[in-house]
Amino acid sequence: RGLLFNVILYLLLIAIGFVYLYPLLFMLVSSMKSPTDLLNPMGQWIPSELYTGNYEKAYRVLDYPRTFGNSVLISVIPSILQAVVTSLVGYGLARYNFRGKRLVLLLILATFIIPAQNTVIPQLLAYRDLKLLGSIWALIFPALFGQGYRSAIFILIFYQTFVSLPKVLEEAARLDGASDWTIFYKIAVPAAVPSYIIAIIFSTVWYWNETYLTSIFLEGGIQSLPMQLSRFVQAYESLYPAGVVNIFDRLNEAVKLAGTFLNILPLLIMYFVLQKWWDSNPR
């Protein structure tokens, strides 16, 4: 491809990578600054000391162990269930022909196009009649029926994955006496591992960051990290009253960034852990 092409390509990749990494680097560096470094214009990128007090305050304000456990509960469990159910729906649409199949695909696509805010009132009334409001079942129950957060896009991902599988593999398995469930478990699922990883990653991120619908369905009974972060200032001022604390305990930009970084840290760890399975399988 030539030296010039490679130089331009790597410069472009470095520039794009910097655009994505700059906010994280700025957040990490700023969250480790002491109040003195925050007021020092000369120490923008290199703090004079490694100050962890901001994380200690943010950890306490966020009530991290409890809210982290709640976040895992309301994001990971529905995401895994949603990935399993949407894979079954996608496989059924890809491998079986039945009357009204195109209508079903159209309705699934409609649930993805229509904003969730337009259907929140009917959902709220239905969950109220089923006595699901205020409990984790308000998130688990829809995921079990393929109606979790943005389930339609995962159904379409699995549908496209299973459509691309050679039918000769299934035909050979049927000749050997394999049932439909055996074919799905032994042939379709291993071939769709990257799709499962994608579904779990994106579904977890969407469940984790969704505060509007989650707060409505859970009625404030369960506080997640993003919910607690949204009321960070109020919670901080209740723990550190303005007229009592000294300058080192006052709310500042570094404390807010420390709280934000603690909020996204589990998602970053999840991505790096699952990335090797994502990248090691052909898509």
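Pro190: modelled with pLDDT of 85 or more, closer than 23 Å to Gln275 by Cβ, of a type outside the set (A, V, I, L, M) and open to solvent by 50 Å² or more (accessible area, probe 1.4 Å), yes or no?
Numbers: modelled with pLDDT of 85 or more: yes; closer than 23 Å to Gln275 by Cβ: yes; of a type outside the set (A, V, I, L, M): yes; open to solvent by 50 Å² or more (accessible area, probe 1.4 Å): yes.
Considered against the rule, which asks whether it is modelled with pLDDT of 85 or more, closer than 23 Å to Gln275 by Cβ, of a type outside the set (A, V, I, L, M) and open to solvent by 50 Å² or more (accessible area, probe 1.4 Å), Pro190 comes out as yes.
Exactly one of (1) open to solvent by 30 Å² or more (accessible area, probe 1.4 Å); (2) out of contact with any Leu (no Cβ under 9 Å at 6 or more places or on another chain) is unmet by Ala173. Its number?
Result: Ala173 fails condition (1) only.
Within the stretch 134-144, restricting attention to residues that are surrounded by fewer than 17 Cβ atoms within 10 Å (Cβ to Cβ) and touching a helix residue (DSSP H, G or I) at 6+ places or on another chain (Cβ under 7 Å), which residue is modelled with the lowest pLDDT?
Gly134
Would a scan of the stretch 3-22 turn up a residue that is at pLDDT below 90, in a loop (DSSP other than H, G, I, E, B), open to solvent by 100 Å² or more (accessible area, probe 1.4 Å) and more than 21 Å from Leu262 (Cα to Cα)?
No, because not a single residue in the stretch 3-22 is at pLDDT below 90, in a loop (DSSP other than H, G, I, E, B), open to solvent by 100 Å² or more (accessible area, probe 1.4 Å) and more than 21 Å from Leu262 (Cα to Cα).
Taking the conditions exactly as written (closer than 30 Å to Tyr149 by Cβ, hydroxyl-bearing (Ser, Thr, Tyr) and touching an Asp or Glu at 6+ places or on another chain (Cβ under 9 Å)), does Ser75 satisfy them or not?
On the way: closer than 30 Å to Tyr149 by Cβ: yes; hydroxyl-bearing (Ser, Thr, Tyr): yes; touching an Asp or Glu at 6+ places or on another chain (Cβ under 9 Å): yes.
Answer is yes for this residue.
Consider Leu39 carefully, then state whether it is within 18 Å of Asn252 (Cα to Cα) and open to solvent by 70 Å² or more (accessible area, probe 1.4 Å). Walk me through how you get there before you give the answer.
Working: within 18 Å of Asn252 (Cα to Cα): yes; open to solvent by 70 Å² or more (accessible area, probe 1.4 Å): yes.
Yes; evaluated as a whole, the condition is true for this residue.
Only one of these conditions is not met by Leu73: (1) touching a residue at least 40 places away in the same chain (Cβ under 8 Å); (2) under 30 Å from Lys256 (Cβ atoms); (3) touching a helix residue (DSSP H, G or I) at 6+ places or on another chain (Cβ under 8 Å); (4) surrounded by fewer than 20 Cβ atoms within 10 Å (Cβ to Cβ). Which number is it?
Going through (1) touching a residue at least 40 places away in the same chain (Cβ under 8 Å); (2) under 30 Å from Lys256 (Cβ atoms); (3) touching a helix residue (DSSP H, G or I) at 6+ places or on another chain (Cβ under 8 Å); (4) surrounded by fewer than 20 Cβ atoms within 10 Å (Cβ to Cβ) one by one, Leu73 breaks only (3).
Kindly provide the set of residues from the stretch 51-62 that are open to solvent by 60 Å² or more (accessible area, probe 1.4 Å) and either touching a residue at least 40 places away in the same chain (Cβ under 8 Å) or not β-branched (Val, Ile, Thr) (or both), ordered by number. I'd like the intermediate steps shown before the answer.
If we filter the stretch 51-62 for residues that are open to solvent by 60 Å² or more (accessible area, probe 1.4 Å), which is where we start, we get 52, 56, 59-60.
Within the stretch 51-62, Glu56, Tyr59, Arg60 qualify.
Restricting to the stretch 187-240, what's the tally of residues that are more than 19 Å from the chain's Cα centre (by Cα), over 30 Å from Lys167 (Cβ atoms) and in a helix (DSSP H, G or I)?
If we filter the stretch 187-240 for residues that are more than 19 Å from the chain's Cα centre (by Cα), which is where we start, we get 187-192, 219-221, 231-240.
Now restrict to residues that are over 30 Å from Lys167 (Cβ atoms): 219-221, 231-240.
Next, from what is left, pick out any that are in a helix (DSSP H, G or I): 232-239.
The total comes to 8.
Output the number of the condition that Phe184 fails; it satisfies all remaining conditions of (1) at pLDDT below 90; (2) open to solvent by 30 Å² or more (accessible area, probe 1.4 Å); (3) more than 30 Å from Val61 (Cβ to Cβ).
(2)
Conditions: (1) under 27 Å from Ser71 (Cβ atoms); (2) in contact (Cβ under 8 Å) with a residue 40 or more places away in the chain; (3) open to solvent by less than 50 Å² (accessible area, probe 1.4 Å). Ala126 meets all but one. Number of the miss?
Exception for Ala126: condition (2).
If I ask for residues that are charged (D, E, K, R) and free of Cβ contacts under 8 Å to residues at least 60 places away in the same chain, which ones from the stretch 168-203 would you list?
Glu171, Arg174, Asp176, Asp180, Lys186
What number of residues within the stretch 42-84 are under 24 Å from Phe26 (Cβ atoms) and part of a loop (DSSP other than H, G, I, E, B)?
12
Of the residues Ala126, Ala94, which is small (Gly, Ala, Ser), under 26 Å from Trp208 (Cβ atoms) and either over 23 Å from the mean Cα position of the chain (by Cα) or in a helix (DSSP H, G or I) (or both)? Let's see the steps before the verdict.
Working: Ala94 fails: under 26 Å from Trp208 (Cβ atoms).
Step by step, each of Ala126, Ala94 is checked, and only Ala126 is small (Gly, Ala, Ser), under 26 Å from Trp208 (Cβ atoms) and either over 23 Å from the mean Cα position of the chain (by Cα) or in a helix (DSSP H, G or I) (or both).
Being at pLDDT below 90, open to solvent by less than 60 Å² (accessible area, probe 1.4 Å), of a type in the set (Val, Ile, Thr) and part of a helix (DSSP H, G or I) is the requirement here; does Val29 meet it?
Values: at pLDDT below 90: yes; open to solvent by less than 60 Å² (accessible area, probe 1.4 Å): yes; of a type in the set (Val, Ile, Thr): yes; part of a helix (DSSP H, G or I): yes.
Spelling it out, Val29 is indeed at pLDDT below 90, open to solvent by less than 60 Å² (accessible area, probe 1.4 Å), of a type in the set (Val, Ile, Thr) and part of a helix (DSSP H, G or I).
The values are calculated or read from the model by the stated rules, or taken from the named source; none is laboratory data. On a predicted model such as this, the values are computed, not experimentally measured, just so you know. All Cβ positions, glycine included, derive from the backbone under ideal geometry; neighbour counts span all protein chains shown. The accessibility values were calculated without ligands, DNA or RNA, using every heavy atom of the protein model including side chains. Shrake-Rupley method; radii C 1.70, N 1.55, O 1.52, S 1.80 Å.
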